[in-house]
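Each value in this text was obtained by applying a stated rule to the coordinates, not by laboratory testing. Because the structure is a prediction, the values reported are computed rather than measured. Every residue, glycine as well, gets a Cβ built from its backbone with ideal geometry; the counts of neighbours run over all protein chains shown.
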């Protein structure tokens, strides 16, 4: 297992050039669209009705969540982005469309389904800590009609994109029918397909280029506990073999990331986070950077190092934050370089 940091001068130059190339790239994101609601407030007392804090609300924020948080990250990095997913015929769905429009992102790939609500996650934040989260959702697989419309959109957009991201939050969009259609559709040589998984039968995810589970998901997907270095190695190698993918990137929180490849090498990348306020959405940042890094011509190792750098930035902020190119360039000591 080799160490992926710190960067050499040559590596920094390589990463800087890739970041500056992001503006020329386009990414297609397919997955579970959500609306994130953040309720911000302060806690001064405990309720007399029950032993729970009373949050005095100061403000409320609405943000793109789930797969559309990946979309936000890609757009924030200066790249073009298309989104394919499902929303309900409801106000949260219309709010998702408005937020996309505000960010200059087309919503043509969103299929409106009157039989399921738009997934909404509401988080209550007080004193920079999450007090509670409540979800409104319907976790059932899409029907054939919705799958067909999503695949049609993918086929239309595929010739103009440089990478495809599949963002599975377990809400029903990433299912067997859709994955079978994607395997038949996404065939151009060299087009990376990256997948952020939930815990599902492994066959569902077979054949992607890179899979990016966190260490809990990796352990459950592989059926191997990850409580030491040996368990990590066994789980990573098992996922590579069973999924027939090129790379497995396991994100490990405070322990950084570990990148596995078919040749048997393992690259451990220690975290660069100086402080951790909130890990919400950090996985979305990781897969967005991996996709853009590979599309920009970086090796998987260098793309993972860049993703790790970005994750270290976003976990230092509260809520589903996005990283910008200038933040990455500054972190690399190249903020003013041509």
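In vacuo Debye scattering of the range 138-201, one point per C-alpha: log10 I(q)/I(0) at q = 0.17, 0.29 Å⁻¹?
Here log10 of I(q) over I(0) equals -0.60, -1.43.
Taking the Cα centroid of the range 58-91 and of the range 161-176, what is the distance between the two, rounded to the nearest whole Å?
Using only Cα atoms, the two centres lie 14 Å from each other.
In Å, what is the Rg of the alpha-carbon atoms in the range 126-263, and how long is Dmax?
16.6, 49
How far is it, in nm, from the label point at residue 233 to the one at residue 254 when both lie 7 Å from their Cα along the line to the Cβ?
In this crude spin-label approximation the distance works out to 2.5 nm.
So if each residue of separation counts as 0.36 nm, and I subtract the Cα-Cα distance between residue 52 and residue 191, what length gain in nm does that give?
Stretched fully, the residue 52-residue 191 segment lengthens by 45.0 nm.
Could you put 81, 54 in order, starting from the residue whose Cβ has the fewest other Cβ atoms within 10 Å?
Placing the least packed residue first, the sequence is 54, 81.
Going highest first, how would you order 71-80, 34-43 by mean Cβ packing within 10 Å?
So the order, starting with the most tightly packed, is 71-80, 34-43.
Which of the peptides 224-237, 84-97 is most tightly packed, and how do the rest follow, going by the mean number of other Cβ atoms within 10 Å of each residue?
Numbers: 224-237: 16.7, 84-97: 20.5.
Ranking, from highest mean packing down: 84-97, 224-237.
Can you tell me the length gained on complete extension of the stretch residue 61 to residue 152, counting 0.36 nm per residue apart and subtracting the Cα distance?
Full-extension gain reported as 29.4 nm.
If you wrap a convex hull around the Cα atoms of the chain, how much volume per residue is inside, in Å³?
Working: hull volume 50.3 nm³, N = 338.
In the chain, the Cα convex hull volume per residue is 149 Å³.
Provide 171, 26, 101 in ascending order of the number of other Cβ atoms located within 10 Å of each residue's Cβ, fewest first.
101, 26, 171
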